[in-house]
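Accompanying notes for the structure given below.
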Amino acid sequence: MKLIVGLGNPGVKYVYNRHNIGFIILDHFAANKNIKFKAGKGDWYECGLKLNGEDVFLLKPVTYMNNSGSAVTGFCELHEIKQNDVLVIFDDFQLQLGTIRVRKKGSDGGHNGISDIIYRMNTNEIPRMRVGIGNEEVLNKDEFIDFVLSDFSKDEFIILKKLMPEFEKCIISFITEDIKVTMNNFNKSFLISGKENSEIN
């Protein structure tokens, strides 16, 4: 059994935020698999499918980003899911748009969502998929909050649409392969260049 968690903030005003890339990716994944999210038995939306005989759940916490851990731990306890069978997808403004970084464990890197999950699960050994949302601008500490809570531009959404198959393949790889294989195959930039209209490799 695997759990794929997308992090974001609930509510209409956050839908297209860079900070909501986890929600955006899971919504696309679910739509591609012809499944729909429904309210769960806790502070989350969920849906499920079978992939190569494996039970897979998709989870979107509705606790707001800073309290994501309560939904993730609640769901894991309900379904007896082990921490190494969880993949958390979240944004990283320090990585350029088009970049994926999968890790089996690590620090929170300053991200409040994964920080709360680490705290509530009492371990940093939680697989995660960091998705680049950055651009070529260098942000100061007092600028990054406004940046991550701002919407993707139209051109950035064009790029994201092209990237969705790569995000989906990365998720499927985590479900079906050893995480080392996923890391070897997907820890890279999927854009030829940093230009907004780049094609996918």
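The values are calculated or read from the model by the stated rules, or taken from the named source; none is laboratory data. Everything numeric in this text was worked out from a predicted model, so none of it was measured. Please note: Cβ atoms are built from the backbone with ideal geometry, for glycine as well, and neighbour counts cover all protein chains shown.
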Practice problem: Find all pairs meeting these conditions: Cβ atoms under 8 angstrom apart; at least six residues apart or on different chains; first residue within the range 163-177 and within 18 Å of Val88 (Cβ to Cβ) and part of a helix (DSSP H, G or I); second residue hydroxyl-bearing (Ser, Thr, Tyr) and at pLDDT 95 or above. | Solution: Cys170/Thr182; Ser173/Thr182; Phe174/Thr182
Quiz prompt | Matching residues in the range 36-88 - criterion: being farther than 12 Å from Ile4 by Cβ and β-branched (Val, Ile, Thr) | solution = Val62, Thr63, Thr73
Self-check item: Among (1) among the β-branched types (Val, Ile, Thr); (2) surrounded by fewer than 22 Cβ atoms within 10 Å (Cβ to Cβ); (3) part of a strand (DSSP E or B) - the single one Ile81 does not satisfy
Solution: (3)
Quiz prompt | Residues being within 13 Å of the chain's Cα centre (by Cα) and over 18 Å from Val72 (Cβ atoms) - total across the range 99-133 | solution = 5
Self-check item: Pick from the range 42-61, criterion aliphatic (A, V, I, L, M) and buried (at least 18 other Cβ atoms within 10 Å of the Cβ), ranking: farthest from Val15 (Cα to Cα)
Solution: Val56
Exercise. Please find, within the range 109-155, the residue that is farthest from Phe186 (Cα to Cα) out of those that are acidic (Asp, Glu) and surrounded by fewer than 17 Cβ atoms within 10 Å (Cβ to Cβ).
Key: Asp142
Quiz item: Of these, Met65, Met121, which one is at pLDDT 95 or above and in contact with a His (Cβ under 7 Å, 6 or more places away or on another chain)?
Solution: Met65
Practice problem: Answer yes or no as to whether Val88 is in a strand (DSSP E or B), modelled with pLDDT of 95 or more and within 17 Å of Ile24 (Cα to Cα). | Solution: yes
Exercise. Just one of (1) assigned to a helix (DSSP H, G or I); (2) in contact (Cβ under 8 Å) with a residue 12 or more places away in the chain trips up Asn124, so point out which.
Key: (1)
Practice problem: Could you identify the single residue in Val62, Val131, Val88, Val102 that is in contact (Cβ under 8 Å) with a residue 12 or more places away in the chain and farther than 15 Å from Asn20 by Cβ? | Solution: Val102
